[in-house]
Each structure stands twice: as C-alpha cells, then as structure tokens.
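Enquirer: Quick one: the structure is below, questions incoming.
The values are calculated or read from the model by the stated rules, or taken from the named source; none is laboratory data. Not measured: the values here are computed from a predicted model. For neighbour counting, all protein chains shown are included, and Cβ atoms are generated from backbone atoms with ideal geometry for every residue, glycine included. In case anyone asks, the SASA skips ligands and DNA or RNA and just uses the protein heavy atoms, side chains included. Shrake-Rupley method; radii C 1.70, N 1.55, O 1.52, S 1.80 Å.
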Amino acid sequence: MKRFKKVLALVLAGVLALAMLTACGGGKEDNGFTLKGDDYKVYFSDADCTYSTTYKNYNVQLDMQLERITKVINPLASSTDYDKVFSAKIGDKSLTLANKTDSVKKLSKGEKERCTPKFTTEDKDLFEKATNGTELLYLTITMGKEDTTFEVNLKTNTIKYKVR
C-alpha cells in the first residue's frame with residue numbers, strides 16, 4: 001500500500017507538471033505563440049523565481065524556445081544580444097536584464113533556440129506582488145521590427161498575449 005501511494009504521488013506530480021507546462025505555452029500539444037511579424041514562434045516552459053543572497057536581489061528567469069517559422073534570406077548573418085530582444089516590467093516598473101549580453105542567433109526556417117532571459121529587481125514588495133499574483137509581469141519580445149508583449153502570472157505560471 002505504501003508503494004502504491006508513492007507511485008500515485010509521482011503520477012499526480014507528472015500530470016500536474018504537464019498541465020502547468022501546457023498552460024504556460026509549453027508541453028506536447030503546444031502550438032506556441034506566433035510573434036508579431038509572423039516570422040517566429042515562442043514556446044514557454046517555465047518561470048523560476050529566486051532571491052540571491054550574494055547580490056541581494058530578486059530574480060525571474062524565463063525558460064523558452066524561439067523558432068523561426070519563415071525562410072530567412074541570410075541565416076548565417078549575426079546574432080542579437082538579449083537586451084535588444086527581451087524586456088520586462090512588473091506593473092509599470094522595468095526590470096533589469098541580468099544576462100543582457102547573451103545572444104539569440106539568426107535562425108533558419110524550422111530551427112529552434114533555447115533562451116533564458118533573467119530579470120532582476122531589488123524591490124522586495126514588487127517581487128512579492130508578482131509572485132503572489134497581485135501584479136503581472138509583462139514580457140516583451142522584439143524580433144525584427146515588431147514587439148510582442150505577454151502577460152505572465154508568476155503565481156499560476158501561465159502566459160498569455162497582452163491585450164490592449
């Protein structure tokens with residue numbers, strides 16, 4: 001009976017994890033979100049929220065994959081630094097991008113790249129509001145000349161297009 005309960009707990013944990021990934025734009029049945037401009041899709045998988053005792057700041061790291069869905073003329077051109085691709089706010093307050101010199105390479109059609117932008121703030125109250133769900137994180141992804149903004153609920157780990 002004890003072994004059955006352990007197996008059941010593992011199965012339930014797996015089902016819950018799959019449900020969370022699907023809700024936030026990841027998972028087996030996920031079609032991703034097409035970014036404005038129709039050249040890229042983004043597939044979200046996780047948001048990790050932590051406190052750094054070393055730097056005394058609060059961190060939100062988003063895990064995602066970008067996929068090129070149209071043909072590009074020169075796929076071997078250059079890459080683009082994260083600070084030109086990703087930005088985030090909680091409410092109206094901009095967050096700092098910690099890994100701004102990481103880069104997204106130019107992708108060929110069908111090619112995917114994992115991206116993990118990490119945003120920081122020293123504002124404990126703001127971070128707590130975001131992690132308890134009373135404030136949303138707004139993630140903007142700029143690929144090409146177009147911006148696409150998403151609402152990220154860090155409490156429920158769900159993502160949706162921002163509607164304006």
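Enquirer: Any residue at all in the stretch 85-102 that's modelled with pLDDT under 95, open to solvent by 60 Å² or more (accessible area, probe 1.4 Å) and under 30 Å from Thr54 (Cβ atoms)?
Expert: Checking the stretch 85-102: at least one residue is modelled with pLDDT under 95, open to solvent by 60 Å² or more (accessible area, probe 1.4 Å) and under 30 Å from Thr54 (Cβ atoms).
Enquirer: Got at least one residue in the stretch 99-107 being in contact with a strand residue (DSSP E or B) (Cβ under 7 Å, 6 or more places away or on another chain) and assigned to a helix (DSSP H, G or I)?
Expert: No, the stretch 99-107 contains no residue that is in contact with a strand residue (DSSP E or B) (Cβ under 7 Å, 6 or more places away or on another chain) and assigned to a helix (DSSP H, G or I).
Enquirer: Just to check your reading of the model, which residue among Ser45, Ser52 is out of contact with any Asp or Glu (no Cβ under 9 Å at 6 or more places or on another chain) and modelled with pLDDT under 95? Write out each step before concluding.
Expert: Working: Ser45 fails: out of contact with any Asp or Glu (no Cβ under 9 Å at 6 or more places or on another chain).
Of the residues listed, the single one that is out of contact with any Asp or Glu (no Cβ under 9 Å at 6 or more places or on another chain) and modelled with pLDDT under 95 is Ser52.
Enquirer: Next up: Could you check, for the stretch 78-89, whether at least one of its residues is part of a strand (DSSP E or B), within 18 Å of the chain's Cα centre (by Cα) and of a type in the set (D, E, K, R)?
Expert: So the first thing to find is which residues in the stretch 78-89 are part of a strand (DSSP E or B), and the list is 79-81, 86-89.
Pick out the ones that are also within 18 Å of the chain's Cα centre (by Cα) and you get 80-81, 86-89.
So of that shortlist, the ones also of a type in the set (D, E, K, R) come out as 81, 89.
Yes, that holds for at least one residue.
Enquirer: Of the residues Asn74, Asn57, which single one is over 19 Å from Lys162 (Cα atoms), over 15 Å from the mean Cα position of the chain (by Cα) and modelled with pLDDT of 95 or more?
Expert: Selected residue: Asn57, the only one of Asn74, Asn57 that is over 19 Å from Lys162 (Cα atoms), over 15 Å from the mean Cα position of the chain (by Cα) and modelled with pLDDT of 95 or more.
Enquirer: Out of everything in the stretch 120-140 that is outside any loop (DSSP other than H, G, I, E, B) and among the acidic types (Asp, Glu), what residue ends up being surrounded by the most Cβ atoms within 10 Å (Cβ to Cβ)? Give the derivation first.
Expert: Let us first name the residues in the stretch 120-140 that are outside any loop (DSSP other than H, G, I, E, B), namely 120-121, 124-131, 137-140.
Next cut, among the acidic types (Asp, Glu) only: 125, 128.
Working: Asp125: 9, Glu128: 13.
It comes out as Glu128.
Enquirer: Next question, about the same structure. May I ask you to list the residues in the stretch 28-69 that are farther than 18 Å from Tyr138 by Cβ, open to solvent by less than 40 Å² (accessible area, probe 1.4 Å), assigned to a loop (DSSP other than H, G, I, E, B) and of a type outside the set (Gly, Ala, Ser)?
Expert: Across the stretch 28-69, the qualifying residue is only Asp30.
Enquirer: Need the failing condition index for Pro117 against (1) buried (at least 16 other Cβ atoms within 10 Å of the Cβ); (2) more than 23 Å from Asn132 (Cβ to Cβ), just the number.
Expert: Pro117 satisfies all of (1) buried (at least 16 other Cβ atoms within 10 Å of the Cβ); (2) more than 23 Å from Asn132 (Cβ to Cβ) except (2).
Enquirer: Let me ask something additional. Within the stretch 141-157, can one find any residue that is touching a Cys at 6+ places or on another chain (Cβ under 9 Å), assigned to a helix (DSSP H, G or I) and either open to solvent by less than 50 Å² (accessible area, probe 1.4 Å) or at pLDDT below 95 (or both)?
Expert: No, because not a single residue in the stretch 141-157 is touching a Cys at 6+ places or on another chain (Cβ under 9 Å), assigned to a helix (DSSP H, G or I) and either open to solvent by less than 50 Å² (accessible area, probe 1.4 Å) or at pLDDT below 95 (or both).
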